[in-house]
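Reading through the structure tokens given below for one structure.
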Amino acid sequence: MTAVTRTTADAASAAPSGPAPDQGGRRLPRTLHPVAWWVWALALATAVSRTDNPLLLFLVLAVLGYVVTARRTEAPWARGFKYYLYLALTVVTIRVLFRAVFATGITPHDHFLFSLPHIPTPDWYAGIKIGGPVSLEALLSSATDGLRLACMLCCIGAANTLANPKRALRVLPGALYELGVAVTVAISVAPQLVQSVQRVTRARKLRAGRTNGMKALRGIVVPVLEDALERSLRLAAAMDSRGYGRAGTATHRSRRVTGALMLLGMCGLCAGAYGLLDATAPAFLGLPAMSAGAVLCVAGLRLGGRRVTRTTYRPDPWRLPEWAVAGSGVLSAVLLFSNLGYDPAQLNPTYYPLTWPGLPLVPTAAILLAGTAGFLAPLPSPARRADAS
């Protein structure tokens with residue numbers, strides 16, 4: 001046995017099965033479970049949908065920026081959060097421009113800013129004016145509406161930046177495996193495009209190419225599309241070689257039963273949600289219908305999962321940090337929807353008349369609670385660049 005063989009054998013025998021501790025006895029940093037980041041981000045987006053207060057919305061953006069900066073990996077696609085910020089700024093700008101162009105008129109108490117040329121519209125287009133006077137209240141109201149949508153987009157961008165969507169595929173139920181593959185490919189487009197843009201831009205700088213103007217844009221778009229197509233073909237070939245999309249061993253009868261259970265279960269969930277939101281709905285359309293729908297969906301997932309047999313190499317653990325991060329986001333959404341300890345009107349301030357919005361204590365604390373994910377999550381290891389990408 002050579003020295004290299006002995007060294008390799010000794011290293012393999014000494015390697016632990018779990019996360020390896022360093023020389024000081026501490027465990028190496030690890031990447032948080034991707035589902036925990038998605039639960040946190042979606043819960044925070046749900047909390048954002050509850051408010052139009054610009055102060056709270058800016059606080060959400062600050063929390064997202066802090067968490068992304070503190071807990072993102074060194075993968076190239078993990079630097080893509082700034083592109084979501086650009087998209088958010090574009091959304092706000094478009095919303096303000098639409099409100100300015102399609103004016104709804106102003107009142108004598110509004111603060112007049114400027115007036116656009118008025119374009120006459122036909123009678124069947126009554127109720128909408130193109131051009132005319134624009135007030136400060138109208139622009140601020142439209143900017144706040146756009147800011148709320150921008151915060152939701154940034155929440156999704158934070159999840160894409162912090163979590164690897166391909167790893168989330170491994171924890172889906174077997175019945176949703178093929179659907180999960182399609183969803184994973186779909187939500188992986190944005191990180192892959194960010195990585196392609198960065199790679200093409202870096203290559204152009206090394207070749208002393210033009211980096212500004214329309215010619216530079218044309219020189220970037222074509223290589224990025226070509227790279228995206230090539231990566232898609234490689235992904236499709238890899239998925240085909242690993243047996244994705246196979247029919248499995250399920251019979252036609254079991255597939256029909258699974259489809260019926262899932263369809264009835266989804267109908268029950270929809271009826272239950274309607275019953276809980278509408279106070280005038282019958283009692284059986286509330287919690288009983290939702291419980292029955294959930295039971296039918298679980299039965300369909302269990303039955304459909306029997307035809308998919310798969311194993312997972314080194315599954316991602318779900319430990320206390322995952323519970324803490326996901327719980328901080330969910331608790332933030334619950335506090336904003338509970339209306340406890342604050343006036344609900346403070347979440348949606350009015351601009352008619354124009355007044356400075358207040359900063360309610362409980363919603364502010366709820367959003368800051370979501371920001372605790374920045375130090376509750378484990379610090380990702382710089383050595384996991386290849387695993388994250």
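Structure notes:
- Unmet criterion (only one of (1) farther than 18 Å from ALA75 by Cα; (2) at pLDDT below 75; (3) buried (at least 18 other Cβ atoms within 10 Å of the Cβ)) for VAL134: (2)
Residues checked against (1) of a type outside the set (Phe, Trp, Tyr); (2) assigned to a loop (DSSP other than H, G, I, E, B); (3) at pLDDT below 85:
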residue	(1), (2), (3)
VAL257	yes, no, yes
LEU264	yes, no, no
GLY272	yes, no, yes
TRP323	no, no, no
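- Index of the failed condition, ARG71 passing every other in (1) under 20 Å from ALA163 (Cα atoms); (2) among the charged types (D, E, K, R); (3) at pLDDT below 70: (3)
- Listed by first and then second residue, the pairs with beta-carbon distance under 6 Å, at least 6 apart or on different chains, first residue in the stretch 93-121 and at negative phi and assigned by TED's automatic domain parsing to the domain that holds PRO353, second loosely packed, with under 11 Cβ neighbours inside 10 Å and modelled with pLDDT under 75, are PHE102/ILE128.
- In the stretch 328-369, residue surrounded by the fewest Cβ atoms within 10 Å (Cβ to Cβ) [restricted to those that are among the aliphatic types (A, V, I, L, M) and not in a helix (DSSP H, G or I)]: LEU340
The values are calculated or read from the model by the stated rules, or taken from the named source; none is laboratory data. Worth saying up front: this structure is predicted, and the values here are computed from it rather than measured. Methodologically, a virtual Cβ is constructed for each residue, glycine included, from the backbone with ideal geometry; neighbour enumeration extends over all protein chains shown.
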